[in-house]
Ligand code: BGC
């Protein structure tokens, strides 16, 4: 991190030669010192602002740290900030990065709809913007997007449930409780759609029933079961509520669709509190992110799977995008159809997610070095 960073030689390096005088130091961004459009700048003259949503969730700490280290390793100046899941705080932090003379902003938004005005400021200074993991909506001022295939994440969760319950062959009915992610997170609708496209036919057929009634009639209604801020506590309270209100008289929940690990953690707590113990009868419980606490839960039989998104590969891809922007090269993308932010289809690089089950923890998470065996008590 280099929060006290001051741009000292912006615009002074041309074709590798330092011309002019360092007395011209300024925090002002000079056009053409980066930001693509064929312009090139030396990494050490380039400030990359990295705006992450929160430190409270494990993955964002890993994301921020990895990207920061990569960029610094390539000699870029960086400003890394976490916004405590507060939208206003994130906007102020981005404004500060703009004032510091950022050339590129990498932003994982808290509220994908709230950054239009601050990105107008960025655009007025020719700053390039990369949406990181989550799309930024309703603004033309987002240049690129890098993420994992969010629809595929949900599809993998749905397909895992179908396989575990053998829904193709079993009549059920199985009791399902579906959850969705934060209503302000653009990814959450993709996660839900991916899963619901697989599961809803079984709900319609009656093989899956939802005792709480919290089964959206269509993908568009996903926000009705969204958990604001992806909070574990909120998910726990919601699951406790459903168990207390709809599972009297010995009825058991067979499967919980959880879109990510922070929700799964709360849901597992609620299940434990209601007397569900690991073993044959424990509900199928999905997740996403391979957070350490959840991998430990998987090993302990309290979560059935997680969708692992190797955040190192996302950081690598975004660092590559930054480099391509700064060197004035064409920025590599592989999806120019899916991510319409309401103003434009944002050129996107999609990475593949991977299913991890208790059986594959070692072969995927440990062998890749994402965790050490020690981290997981193995
Ligand atoms: C990310 C997930 C994460 C969730 C909560 C989503 O936008 O894609 O990986 O679990 O936010 O932080």
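Mark the label point 7 Å from the Cα of residue 359 along Cα→Cβ and return the residues of the range 155-195 whose backbone N is within less than 19 Å of it.
Residues 156-170 qualify, since their backbone N sits under 19 Å from the label point.
Stretched out fully, how many nm does the piece from residue 96 to residue 296 gain, at 0.36 nm a residue minus the Cα gap?
68.1 nm
Please report the antiparallel percentage of DSSP beta bridges with both residues in the chain, rounded to the nearest 5.
20 percent
How much FRET efficiency would the formula 1/(1 + (r/R0)^6) give for residue 123 and residue 56, where r is the Cβ-Cβ distance and R0 is 45 Å, rounded to 0.05?
0.90
Nearest 500 deg cm²/dmol is fine: what mean residue ellipticity at 222 nm does the chain get from its DSSP H runs of n ≥ 4 alone, each adding -39,500 (n - 2.57), divided by its residue count?
When only DSSP H runs of four or more count, the value is -11000 deg cm²/dmol.
Please state the shape class of the range 150-308: rounded when a/c is under 1.5, otherwise prolate if a/b exceeds b/c and oblate if not, all from the C-alpha gyration tensor.
Since a/c stays below 1.5, the shape of the range 150-308 is classed as rounded.
Any idea what angle helix 87-100 forms with the longest principal axis of the chain, computed on alpha-carbon atoms, 0 to 90 degrees, nearest 10?
20 degrees
Using Cα atoms only, what is the angle between the long axis of helix 232-246 and the major principal axis of the chain, expressed in degrees (0 to 90) to the nearest 10?
The two axes meet at around 20 degrees.
Identify which of 295, 346, 333 has the largest mean-square fluctuation in a Gaussian network model of the chain, with springs joining Cα atoms closer than 10 Å.
333
Can you put 107, 326, 299 in order, fewest other beta carbons within 10 Å first?
By the 10 Å Cβ count, ascending: 299, 326, 107.
Go ahead and set up a Gaussian network model of the chain, Cα springs under 10 Å, then flag whichever of 226, 342, 158 fluctuates most.
Maximum among the listed residues: 342.
Using a Gaussian network model of the chain with C-alpha springs under 10 Å, which one of 368, 51, 182 is most mobile by mean-square fluctuation?
368
Once both axes come from the Cα atoms, what is the angle between helix 186-205 and the longest principal axis of the chain, in degrees from 0 to 90, rounded to 10?
It is inclined by approximately 20 degrees.
Tell me, what is the percent relative contact order of the range 150-308, built from C-alpha pairs under 8 Å that lie six or more residues apart?
For the range 150-308, the relative contact order is 25 percent.
Please give the FRET efficiency for residue 373 paired with residue 221, using the beta carbon to beta carbon distance and R0 = 51 Å, rounded to the nearest 0.05.
Between residue 373 and residue 221 the formula returns 0.75.
Taking a ≥ b ≥ c as the square roots of the eigenvalues of the Cα gyration tensor of the chain, is the shape rounded (a/c under 1.5), prolate (a/b larger than b/c) or oblate?
It is prolate, given that a/c is not under 1.5 and a/b is the larger ratio.
Give, in nm to one decimal, the length gained when the segment between residue 86 and residue 334 is fully stretched (0.36 nm per residue of separation minus the Cα-Cα distance).
Difference between extended and current length: 86.1 nm.
If packing is taken as the average number of other Cβ atoms within 10 Å across a peptide's residues, how do 259-267, 68-76 rank, most packed first?
259-267, 68-76
Hey, how many Å between the Cα centroid of the range 181-229 and the Cα centroid of the range 242-280?
After rounding, the separation between the Cα centres reads 17 Å.
Here, each number is a calculation from the coordinates, and none is a lab measurement. Treat the numbers as computed from the prediction; the structure is a model and nothing was measured. Here the Cβ is made from the backbone with ideal geometry for all residues, glycine too, and neighbour counts use every protein chain on show.
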